[in-house]
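Worksheet for the structure shown next.
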Amino acid sequence: MKMSAAEQLRTSWKAKGTPPCDHPNIEQEREDSRGAGTGDYVCTTCGAFVDRPRDGYLGKDVSEVLVCYALWVYESLSTLHPHRVTS
């Protein structure tokens, strides 16, 4: 989630009286300009900063990395052993 979007969420959440939030979805905060991670995590519901993702939580960023890694392994195997991997 971009920094500006998180800030907008925090502002609108505060305008609602800052009701309790159990932070059901967490994403890594990213810079608006370059999209680089800031190292912070924010709730996508209220915009609050969260220390770290809950135990066992695989956020979007981690899931994308795992998919890319799996595709890389598959492509590597098909290059090294084309007769062992079927399309």
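Classify the range 1-53: rounded, prolate or oblate, from the alpha-carbon gyration tensor (a ≥ b ≥ c, eigenvalue square roots; a/c under 1.5 rounded; otherwise prolate if a/b is larger than b/c)?
Taking the square roots of the gyration eigenvalues as a ≥ b ≥ c, the range 1-53 is oblate.
Suppose the chain between residue 44 and residue 8 were pulled fully straight at 0.36 nm per residue; how much longer would it get relative to their current alpha carbon spacing?
Working it through step by step, the gained length comes to 11.9 nm.
Any read-out appearing in this document is the output of simple, stated calculations on the displayed coordinates, not a laboratory observation. These numbers come from a predicted model, not from an experiment.
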